Amino acid sequence: MTASEYLYVNLQQQAPIPLAAEFTCSKNELIVLVGPSGSGKTTLLRSIAGLHHVKEAIVKIDNETWCDHSTNCNLPTQQRRTGFVFQHYALFPHFTVAENVGIAMQDKNKASISHEVSRILSLVNLEGFEQRYPAQLSGGQQQRVALARALARNPKLLLLDEPFSAVDLVTRRKLRRELVKIRQQLDIPIIFVTHDLDEAYMLADRLFIIHEGQLLQSGQADEVISRPVNAKVARLIDQNNIFSAKVKTHNMDKGLTLLHWKETELECALDERFIPGETVDWLVPSEGVILHRVDRPSRGERENPVEGIIDECISLGENTQIIIRLSGLAGKISFAVPTHVARRNNLTEEKAIRVSLLANAIHLMKAIDSK
Amino acid sequence: MDWQTLILSLKLAVLTMLVLLPIGIIISRVLAYQNFSGRNLLLILIVLPLVLPPTVLGFYLLHAFSEQAWLGQWYHELTGHRLIFTFDGLLFASILFNLPFAVIPMHRAFAGISPDIREAAWCCGLNGLRTFWRIELPLAWPGIAAALILVFAHTLGEFGVVLMIGGNIPGETRTAAIAIYDYLQVLNDTAAGKLSALLLLLAFTSIVLINFLNRRMGGNGYHDSL
């Protein structure tokens, strides 16, 4: 097992909950699992911890085998040294904070338990709360106790199941920052489940996109978000401007691939993975759509210009979200402009506007049947 | 005051409670945490004495406890005692007709513990027994205590089954409820009144205690956070 394979997970089953995920993880890596509700993120986490039985499962960590269906090995949860933070914390309500953390250290003597509890509570900024009960703590403090308890057993792996979903936005931001700090002091892999893309982007060393129990794509967060492998992943990461087109030709000199989209020809960055004549899906992120300003035309307007009628124009504070119906093309494109730009250009619903789709922002993907 | 019948009633109630404590916990935990075929049938059988007329239950028990039936025969061979018209038979019957009063509140208490809490205990390294002892039992305790009080109060007041299985043998099967009926038959209102008042007081105290425990289960803060 190499350093990058400190943890190896392979989970395969069809029913009752479909799972198809195989990955390795290095010792200090933080993997974020992203997917919609019911996509199997929590089941995957629970399977690693031994809380959910998977028919074909292999989990190996640090030269220990926690389960391997081929050898009928399946350690119970108690023997898998995992720290698990549950979505709603699952603190023991009849125990104080110190007891909640200390109960995970049953193999130690009383004096060292007390010392360790103090050390871990100071790590999560909870000094002075030892004698409080969970019901006397705020959501953020309860979350810290849950994290402290998960770390108390000196785990080989930390599993966090949407740990920040039950707290308010301000606390959530604070807890994220704290987690980033705490992980610098840990020498174990962390698997973090969320459906919040911003959270995923901020925390992930590697991002995994999961849907219907299937690991669809993994990679660096910015890579996955900017270059999804297919339209399904693109939709899961909240990309809206997804269309189908045919590859027309590659222009090596200009470093461009030309697409035939409806009646329009589009230029995009050269992508030789696809051959001329092949049908592809393509997307342009919101930031790749540039509004043509009536008062100040620019050279960039020659780049993939398209016309449309404003369908929706919703001000969201600093930015205004605009959706346009494309003229002559069945489809809609959404993008955001600063609200002051929307006001200056007098953008209102049913107004005709022109936008450019930046060639370098257009990303081509292998076409899939399910749209 | 007829202390003999009262002591007999209390002895029967306490022994029923003590026997049903482990039995109730085992059955209610199985019902709360295991999914198996026949689970609903088991639940129906446990709840049955609650809706069955006591005389019907008494009739079947009378037959089952007779020395011609395997249960009565087996018990006689094992202990040399009969089950009909004896305190042992009364205790057996009491355990059976009190089963729903023990299991229903205990089941509610165990089922009320969030699965996450038990799983969190396993993730902390606690085995099944320690999870039960350190986590489940303290959290379910108000429900268990309420069940025991209910069993105690119900045993003190049971009349029909007791009369059919135990008859009315002083010092052996003559409980307070039977004695009250007897006193009324011989127009001894004073003795019936004293025993009735005492049973009323015990029943009232039981309800107050159950109410207190139910409130503890539902609103003492720690169950709120489950």
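Which lysines, if any, have their Cα less than 20 Å from the Cα of residue B:194, not counting same-chain residues under 8 positions apart?
B:11
Averaged over peptide B:127-136, how many Cβ atoms belonging to another chain are found within 10 Å of each residue's Cβ? Could the numbers behind the result be given before it?
Working: counts 5, 2, 0, 3, 1, 0, 0, 6, 5, 0.
Per residue, the average neighbour count from other chains is 2.
Once the Cα gyration tensor of the range A:136-179 is diagonalised, what are the square roots of 5 times its eigenvalues, in whole Å and ordered largest first, as equivalent ellipsoid semi-axes?
Values: eigenvalues 73, 28, 14 Å².
Computed over the range A:136-179, the values are 19, 12, 8 Å.
Shielding by partners for A:85-92, please: the mean number of other protein chain Cβ atoms within 10 Å of each residue's Cβ. Can you show the working numbers first?
Working: counts 2, 7, 1, 5, 4, 11, 6, 10.
Per residue, the number of nearby Cβ atoms from other chains is 6 on average.
Of A:108/A:174; A:27/A:181; A:60/A:232; A:41/A:108, which sit over 25 Å apart, Cα to Cα?
Working: A:108/A:174 32 Å; A:27/A:181 17 Å; A:60/A:232 30 Å; A:41/A:108 33 Å.
Exceeds cut-off: A:108/A:174; A:60/A:232; A:41/A:108.
Any idea what log10 I(q)/I(0) is at q = 0.12, 0.22 Å⁻¹ for the range A:227-366, Debye with uniform C-alpha scatterers and no solvent?
Debye output, listed in q order: -0.48, -1.40.
Where q = 0.14, 0.15, 0.26, 0.28 Å⁻¹, what log10 of I(q)/I(0) comes from the Debye formula for the range A:182-234, counting one point per Cα?
With one equal scatterer per Cα and no solvent, log10 I(q)/I(0) is -0.38, -0.44, -1.11, -1.23.
I'd like the Kirkwood hydrodynamic radius of the range B:1-141, using the inverse of the mean 1/r over distinct C-alpha pairs, in Å.
On the way: mean 1/r = 0.0577 Å⁻¹.
About 17.3 Å for the range B:1-141.
Roll a 1.4 Å probe over the protein chains and send me the accessible area per residue for chain B in Å². All intermediate terms of the calculation are to be shown ahead of the outcome.
Values: 11210 Å² over 226 residues.
Accessible area per residue, chain B: 50 Å².
State the Kirkwood hydrodynamic radius of the range B:74-171 in Å, one decimal place, computed from all pairs of distinct Cα atoms.
16.0 Å
Which value at 222 nm does the protein assembly as shown reach when only helices count, each DSSP H run of 4 or more adding -39,500 (n - 2.57), with the total divided by all residues and rounded to the nearest 500 deg cm²/dmol?
Details: 19 runs with 253 residues, N = 597.
The per-residue figure over the protein assembly as shown is -13500 deg cm²/dmol.
For the pairing of chain A with chain B, what total accessible surface becomes buried, with a 1.4 angstrom probe, in square angstrom to the nearest 100? Please report the intermediate quantities before stating the final value.
Working: alone 18370 and 12110 Å², together 28670 Å².
Chains A and B together bury approximately 1800 Å².
Let me see the pair-distance distribution of the range A:251-294: every alpha carbon pair, 10 Å bin width, integer percents in order.
Percent of Cα pairs in each bin: 21, 51, 24, 4.
Only Lys, Arg, Asp and Glu count, each charged at its Cβ (+1, +1, -1, -1), so figure out the dipole size of chain A about its Cα centre, rounded to 20 debye. Write out the running numbers ahead of the final one.
Numbers: 43 positive and 44 negative charges, 127 e Å.
So the dipole magnitude of chain A works out to roughly 620 debye.
Using DSSP to define loop residues, name the trypsin sites (Lys or Arg not before Pro) in the range A:246-338 whose beta-carbon has at most 12 other beta-carbon atoms within 10 Å.
On the way: sites: A:246, A:248, A:254, A:262, A:273, A:293, A:299, A:302, A:325, A:332; in loops: A:254, A:262, A:273, A:293.
Taking the range A:246-338 and a limit of 12 other Cβ atoms within 10 Å, the loop trypsin sites (Lys or Arg not before Pro) found are A:254, A:273.
Given the C-alpha centroids of the range A:245-298 and the range B:100-124, what is the distance between them in whole angstrom?
The range A:245-298 and the range B:100-124 have Cα centres separated by 59 Å.
Would you work out which of A:245, A:352, A:260 lies farthest towards the positive end of the dipole of the protein assembly as shown, given +1 charges on the beta-carbon of Lys and Arg and -1 on that of Asp and Glu, about the Cα centre?
Projecting each Cα onto the dipole axis, the largest value belongs to A:352.
Would you please name the trypsin sites (Lys or Arg not before Pro) within the range A:145-237 that are DSSP coil residues with at most 11 other C-beta atoms within 10 Å of their C-beta? List each step's numbers first, then the result.
Numbers: sites: A:149, A:153, A:156, A:172, A:173, A:174, A:176, A:177, A:181, A:183, A:206, A:232, A:235; in loops: A:153, A:156.
Passing both the DSSP loop test and the Cβ count: no residue.
Net charge near residue A:261: determine it from the other residues with C-beta under 13 Å of the C-beta of residue A:261, scoring Lys and Arg +1 and Asp and Glu -1.
Details: positive: A:246, A:248, A:262; negative: A:263, A:265, A:267, A:281.
For residues surrounding residue A:261, the net value is -1.
Please report, to two decimal places, log10 I(q)/I(0) for the range B:1-44 at q = 0.25, 0.27, 0.34 Å⁻¹ as given by the Debye formula with identical point scatterers on the Cα atoms and no solvent.
Log-scaled intensity ratios, in q order: -0.84, -0.90, -1.07.
How long are the three semi-axes of the equivalent ellipsoid for the range A:31-132, computed from the Cα gyration tensor as the root of 5 times each eigenvalue, in whole Å, largest first? Write out the running numbers ahead of the final one.
Values: eigenvalues 184, 68, 27 Å².
Ellipsoid semi-axes (Å, largest first): 30, 18, 12.
Per residue of A:128-140, count partner chain C-beta atoms within 10 Å of its C-beta, then hand back the mean as an integer.
Details: counts 0, 0, 0, 0, 0, 3, 5, 6, 3, 1, 0, 0, 0.
Partner Cβ neighbours, averaged per residue: 1.
Using only the Cα atoms of the range A:227-270, construct the convex hull and provide its projected area averaged over every direction, in square nanometres to one decimal. Let's see the in-between values first.
Details: hull surface 13.8 nm².
The number I arrive at for the range A:227-270 is 3.4 nm².
Farthest toward the dipole's positive end in chain B, which of B:10, B:100, B:71, given Cβ charges of +1 (Lys, Arg) and -1 (Asp, Glu) about the Cα centre?
Of the options given, the answer is B:100.
Let me know the charge dipole size of the range B:1-154 about its Cα centre in debye, to the nearest 20, where only the beta-carbon of Lys, Arg (+1) and Asp, Glu (-1) is charged.
On the way: 8 positive and 7 negative charges, 66 e Å.
So the dipole magnitude of the range B:1-154 works out to roughly 320 debye.
Could you tell me the calculated FRET efficiency between residue B:111 and residue A:330, based on Cβ-Cβ distance and R0 = 45 angstrom, to the nearest 0.05? Display every interim value, and only then the final one.
Working: r = 54 Å, r/R0 = 1.19.
Efficiency computed from Cβ-Cβ geometry: 0.25.
Tell me the angle of helix B:137-157 to the major Cα principal axis of chain B, expressed in degrees between 0 and 90 and rounded to the nearest ten.
Orientation of helix B:137-157: about 10 degrees from the principal axis.
Hey, could you pull the Cα Rg and Dmax for the range A:331-371, both in Å?
14.6, 42
Evaluate Rg over Rh across the protein assembly as shown, taking Cα atoms for both radii and Kirkwood's formula for Rh. All intermediate terms of the calculation are to be shown ahead of the outcome.
Working: Rg = 34.8 Å, Rh = 29.8 Å.
With Rh from the inverse mean 1/r over Cα pairs, Rg/Rh is 1.17.
The values are calculated or read from the model by the stated rules, or taken from the named source; none is laboratory data. This is a predicted model, so every value here is computed, not measured. Virtual Cβ from ideal backbone geometry, glycine too; neighbours counted across all protein chains shown. Just the protein is used for accessible areas: all its heavy atoms, side chains included, with ligands, DNA and RNA removed. Shrake-Rupley method; radii C 1.70, N 1.55, O 1.52, S 1.80 Å.
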